[in-house]
Structures are given as C-alpha cells and as structure tokens.
Amino acid sequence: MSVHRLRFEDFLLDPARRELRRAGAPVKLPPKAFDCLVYLAEHRDRAVGRDELIAAVWGRAEVADNLLDQVMMRVRRALGDTADERRIVRTMPRFGYAWVAPVEVVDAAAAPAASTSESSAPVPVAHSPHASATDASPAPVAAAVRTPPRRVGSRQRGLRLAAAALVAAVALALAFVPRARHRAAAPADVALLLPVAVRAPADQAWVRLGVMDYIADRLRAAGQPMVPSDNVVALARELPAGVPDADALARLADASAARLVLSAQAEAIGGYWRVSVASVRGREPALRVEAESQELLDAARAAADRAARALGHEPPAGDAPGAPGERALAALLRQVQGAMLDDRLDVARALLESLDAERRALPEVRFRLAQIDFRGGRLDAAQAGFEALLPGARDDPTLQARVLNALGNVALRRDDYAATERRADAAIALLESAPPSVELGRALVGRAIARSAQNRYDESVADFASARVVLESVGDRLGLARVDANLGILEARRDRYADALPLLEAAARLADFHDSGSELFACVAAAYAHLALLDPAAALPLAARLHELAESEPNPQWVRYADVTRADVLAANGRIADAHAALDAATRSAEQDADDALLGSARLAAARLALDEGRAGAALALAAAV
C-alpha cells in the first residue's frame, strides 16, 4: 500500500495506518471495503475492472460479483457517495469502477500520531435507522470484550434456523429471473406501475391489482422493463388510495430503483370501461394515454399499448383472446391473479371453482389451484395437483419447468433438499438453452437453497450470485434483498463474518417491502456476526430492531428466536437485567408450546449468562437440562 496519505473532499485516507477520517473523525469500514477504497484511490488515473479489483483485494478470481457490489455499497455509504451523480467513485457499466474525485497527496511524515486507544484496522459497524438513542449508546468497556456465543451453541443453531426459514421465503417469491453468462447492469429506464385507482362497483375491487399486473405484463412484453408486481404490492402496502404525494413517490422510486413511476385508473362509465395510464414521476413532458371499450381488459390492453408506444416500444401483435369464452376465462384468471397478489386465497379459489368442468381441467386452472393449496399449507394436495400436471406438460417446456419448480418448493417445505435439487436440475436442463426466462431464475434459486441446506456452500453461492446479477437487471429489488440475506446467512454459517455483514446490511431493504419475517432472520445473522467479530456495540441497534419486529410477528417460534438473540446481544453489552428478561420470555413461550429446539437455545444462552455472572452451579444445571 501507499506510504502517502490521500486527501479528497473533507476525507483523509491513510493506507499505511488503515485509517479513513472525515473532518478529523474516524470513519469505520470493514477490511475488504477499506482495501477496495485504497486500491481505487491509488489507481485513480484509470478505470479499474471488476476482475482486477477482486483479484487485488481478495487474492482470488472466483469471488461472487454480488459480494463486490455489496462491499462497494459500504464504501459509498461511508463516503456519502450515494446520489445518482457519483462524486468520488463512478461505476463503469459492464467494466468496473473509476475514481473521479480530485485527490491531494499528503506526505505520510505529516501524519499525526495514532491514538493508542484506537484499533489500526476499523471494525465493521451496523447502522440501523430503527435504533433508538438509548439502544445505540456505547457499551461498557467490560462488556465490549465479552466472548461471543460458542461455535457449537445457539449461534450456529440459530444461523441454521435462519437459513432454513429465509430460503423458504425466497422460494416463495413470485418473480425471480434467469441466470446470465455475463454481468448485467440494472436497466436505466425501469418503470413502476402503481396499483390501479378504481371507480366502479365494489365487486370490481380485483381491478386494483389484477389490471395493474395485466398492464405491467403488457408493457413488459413490449420491451419496457417493469418492477415486478409482487414488489409493487409489498412497497405500496401502506400507501393510501390514489396517487401518492411527491415524498412518497420519491421513497417508492428509491426503494424500487424505478426511474419512471406510472399510475393507472379504471372507470366504469355507462356500460363502458375507460382505462388511463399516466406518468407521475420521472418523465417530462408527462405521459398520459387512455382507451375505452365495453370489456375492461380490452380497454386496459389498448391503454397499455398506447403507453408502450409513447415510451418508444412496439407492443406484440396477434395474442389477444379471441372467442367470447376465451375472453371470459382471461378476465377471470386476471381476477384470480389480483386476489392472489392481495393474499385473498379463498377468493381466488372460489373464482376458479366457479368454472365449469371443462375449463377447470385446463392446465393453467389446475396449476393455479395447486398453487393456492401450496400457499395455504396443504402440501399433500399441492403435490398431487402438480404431479398430475407433469405428463401433459411434456410438450410445453415452460409449463413443465413451472411445475418442476413448484414441486421443488413442496420438497423444500418438507426439508427434502435432495428432491428440491433434482427438480431444479430438471427445470434448468429444460430451459438453459432457451432464451432467459423467469422460470430458469426460479430453478437457480431453488437449487441454491437446496445446496446451501446440504452444506455445499460454494455451489450455492454460485447459483445465488448468478440469480442476483439478473435480478438487479430487471429491477426486482425484493428478490435482491432476499438473495442478499441468504448469501449473508450462508457466509455467516461459514464463519466469514466480515464478508457476511455487507450482504446482511444490504438486506435491510427488506424493511421497505414490509418483509418482516425475512428481515428478522437477516437481523439475527448480522447480530451474531458482530458478536463473533468482538463488536457487541454494533449489534445493539439490531437488538432494538429485533424487538420491534417481534412485536408484530405472528409466528411465536420466530419471536422466541428473536428473544434469544436479543438476550445474547444485550448480555454482551452489559445489559444483564434486560438479557434475563428476554430469556425468561423465550423460555416461558418455548415451554408452553413444547418447542424443544428453542427451549434448548434459550437455556444454553441462560447457562452462558450464569457462567459470566459467576453462578457456575446454575450454569451446570441449565446445561444439564439441555
């Protein structure tokens, strides 16, 4: 590394001392993030390729791209270089990074003497917007050196539970995208379509999400990149009806990475439907188109096609439903999709069961019914429904892959990871030579989950990383956050805590999508990673966030899991009374539900705490009970 210090803006970078300061105050960075920053600064005369940067910092070429992305995110966050126009480090699409800030070289001899109270290598720090001032207060010095949880104790059991639960959540995601052989950049013109504002009788409430999904599909088919509908539903869950205000639109755009936000309205007027599509953010002059028809989907289709042309795309031709029966079925399936996006599975089932026997025998209808069984937890019925579809799907590779992926998810819910991998392999074999597809992406994610559960980590990382690159390219930020959380938990299970933390902190985006279950597991893994790195103060904000998440979590086992983690973090920070309270709550709940696994974890944590307090007899009794 350079013996010179480098000054840029109000930062001072000292490679020899491994220090970054801003206006004289130390800025903490994980070791790999610091190394990336130094390498880019020292090679500021040219652009640095991703492969070169990986080889220089990690010393090997097989590091997943997503890890570099997350490390660079930490660098930019530390520098405050997060706006659209990068001030310090600029991304060079499909190549790497280039340093763009003016730099002044400062002679190392002028450096002030380092304080003996500071570490020469900054430790990673988690920043949580949900932490209160009380929970973020510095830990007592004595607590800061407390030994982290034992390798064979509740920490490893906890990380395994986190991995099992979170990968299941990823498997249920509605939109994953295919593997790419080359790095893909996020589309610059990705658009988000808000839920449709409906002016119609109350029985047309399905239009809000069903027609939203239809218009988005139509725009996507014309070539306009769109934020997946499941992302939109999650982001818009707490928004009021109608077009959000400017601040809310900015938050939506930031969370989804959408450059363009569209709104739509459907209005029933005297036997006709009028559907309009307009831009509400990201386009000047604003776009506005509308269409009318007696049939709602016809009006929506025409409005979507006009919007596509206004955006510079040509809609596909010749795929509209023809006969009245086909049109009615298409409309009903859109109602079903709207109900499923809204988690109204009973409504979706009732709509499908209202069809006559001939239409209920159609593969698409049977597949939806099996999906509803799966999401409702009726695994035997779901498996039977999906397996019955396989023989007839042999001439339709896409349908066959959908069925195989669905069967893989059933196997995953049953912890049959070998079966999950077999189903994923079969789906990949069907689709890998075809153009990229959503189903290929789902198969890759399913295989990554199965391989991770079987402790085949390198193979799992490769599959997750491939899926992640393309998820970013289509704007699926919810899928990205879930994959980041999985990768972070996977790295933590391999004791690679410094590599895990950037991924787990990136997974904080799950809060934007109200995916509290996945966020809970990511917080647990991040908290134990900080403890393993002997940085309990950094874990304290995560304990506060876990308390918030547990208050609204309906799964009592997950609440217990959060409480045990909180207890370990609180104890490591010297808050012994609070740690005892959290463990008492977890123990009582586990005893009530006969949850032996979590009861064992709670008692092990209590035994560690008793030992730290000098109560060896109590610790022995608790360990013996386990």
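The values are calculated or read from the model by the stated rules, or taken from the named source; none is laboratory data. The structure displayed is predicted, hence computed values, not measured ones. No Cβ is skipped: glycine too gets one built from the backbone with ideal geometry, and neighbour counts run over all protein chains shown. Protein only, heavy atoms only, side chains kept; ligands, DNA and RNA dropped before computing areas. Shrake-Rupley method; radii C 1.70, N 1.55, O 1.52, S 1.80 Å.
Criterion first (under 27 Å from A537 (Cβ atoms) and open to solvent by less than 60 Å² (accessible area, probe 1.4 Å)) does R615 satisfy it?
Spelling it out, it is not the case that R615 is under 27 Å from A537 (Cβ atoms) and open to solvent by less than 60 Å² (accessible area, probe 1.4 Å).
Taking only segment 349-373 into account, find how many residues are among the hydrophobic types (A, V, I, L, M, F, W, C) and either open to solvent by 20 Å² or more (accessible area, probe 1.4 Å) or at pLDDT below 90 (or both).
7
Working only within segment 576-598, note down all residues that are closer than 20 Å to L549 by Cα and open to solvent by 20 Å² or more (accessible area, probe 1.4 Å).
Across segment 576-598, the qualifying residues are D578, H580, A581, D584, A585, T587, R588, S589.
Against the definition (open to solvent by 30 Å² or more (accessible area, probe 1.4 Å), part of a helix (DSSP H, G or I) and touching a residue at least 60 places away in the same chain (Cβ under 8 Å)), how does Q337 come out, yes or no?
Criteria met by Q337.
When you scan segment 531-541, do you find a residue that is over 26 Å from V27 (Cβ atoms), buried (at least 23 other Cβ atoms within 10 Å of the Cβ) and within 23 Å of the chain's Cα centre (by Cα), even just one?
No: zero hits.
Given the criteria within 32 Å of the chain's Cα centre (by Cα) and without any contact (Cβ under 8 Å) to a residue 24 or more places away in the chain, does D343 qualify?
yes
For segment 252-307, what are the residues that are basic (K, R) and under 29 Å from S473 (Cα atoms)?
The answer is R259, R281, R283, R288, R301, R306.
Return a yes/no flag: does segment 202-215 have any residue that is of a type in the set (S, T, N, Q) and crowded, with 20+ Cβ neighbours inside 10 Å.
no
Return the pairs, sorted by first residue and then second, in which the second residue is surrounded by 14 or more Cβ atoms within 10 Å (Cβ to Cβ), the first residue lies in segment 576-597 and is acidic (D, E), the beta carbons are less than 7 Å apart, and the residues are 6+ apart or on different chains.
As it stands, the answer is D578/L570; E591/L599; D593/P556; D595/Q557; D595/R560, since those pairs meet every condition given.
Collect the residues in segment 212-250 that are among the charged types (D, E, K, R) and in contact (Cβ under 8 Å) with a residue 60 or more places away in the chain, keeping them in residue-number order.
Residues satisfying the conditions are D213, R218, D230, R237, E238.
Scan segment 269-308 residue by residue and report those that are part of a strand (DSSP E or B), open to solvent by 20 Å² or more (accessible area, probe 1.4 Å) and aliphatic (A, V, I, L, M).
Selection gives I269, V280, V289.
Considering only segment 259-268, I want to know if a residue exists there that is of a type in the set (A, V, I, L, M, F, W, C), more than 17 Å from L193 (Cα to Cα) and open to solvent by 30 Å² or more (accessible area, probe 1.4 Å). Walk me through how you get there before you give the answer.
Of the residues in segment 259-268, the ones of a type in the set (A, V, I, L, M, F, W, C) are 260-262, 264, 266, 268.
If we keep only those that are more than 17 Å from L193 (Cα to Cα) too, we end up with 268.
The next check asks that each one be open to solvent by 30 Å² or more (accessible area, probe 1.4 Å); those that pass are 268.
Yes, because at least one residue in segment 259-268 is of a type in the set (A, V, I, L, M, F, W, C), more than 17 Å from L193 (Cα to Cα) and open to solvent by 30 Å² or more (accessible area, probe 1.4 Å).
Pull up segment 318-331, narrow it to residues that are under 36 Å from the mean Cα position of the chain (by Cα), farther than 15 Å from L219 by Cβ and not in a helix (DSSP H, G or I), then point me to the one that is modelled with the lowest pLDDT.
Going through the qualifying residues, I end up with P321.
Are there helices (runs of 4 or more DSSP H) fully within segment 43-145 with at least 1 residues that are in contact with a helix residue (DSSP H, G or I) (Cβ under 9 Å, 6 or more places away or on another chain), modelled with pLDDT of 75 or more and open to solvent by less than 80 Å² (accessible area, probe 1.4 Å)? List them. Walk me through it before giving the result.
On the way: elements: 50-58, 65-79, 141-144.
Qualifying helices (runs of 4 or more DSSP H): 50-58, 65-79.
Return a yes/no flag: does segment 556-567 have any residue that is touching a helix residue (DSSP H, G or I) at 6+ places or on another chain (Cβ under 7 Å), small (G, A, S), surrounded by 24 or more Cβ atoms within 10 Å (Cβ to Cβ) and within 17 Å of A610 (Cα to Cα).
Yes: one or more hits.
What is the number of the single condition among (1) among the hydrophobic types (A, V, I, L, M, F, W, C); (2) open to solvent by 20 Å² or more (accessible area, probe 1.4 Å); (3) part of a helix (DSSP H, G or I) that L549 does not meet?
All conditions are met except number (2).
Would you check which residues across segment 497-513 are open to solvent by 20 Å² or more (accessible area, probe 1.4 Å) and free of Cβ contacts under 8 Å to residues at least 60 places away in the same chain and list them?
The one that is open to solvent by 20 Å² or more (accessible area, probe 1.4 Å) and free of Cβ contacts under 8 Å to residues at least 60 places away in the same chain: Y497.
Looking at (1) buried (at least 16 other Cβ atoms within 10 Å of the Cβ); (2) under 23 Å from the mean Cα position of the chain (by Cα); (3) over 14 Å from L444 (Cα atoms), can you tell me which one Q383 breaks?
Of (1) buried (at least 16 other Cβ atoms within 10 Å of the Cβ); (2) under 23 Å from the mean Cα position of the chain (by Cα); (3) over 14 Å from L444 (Cα atoms), only one is false for Q383: (2).
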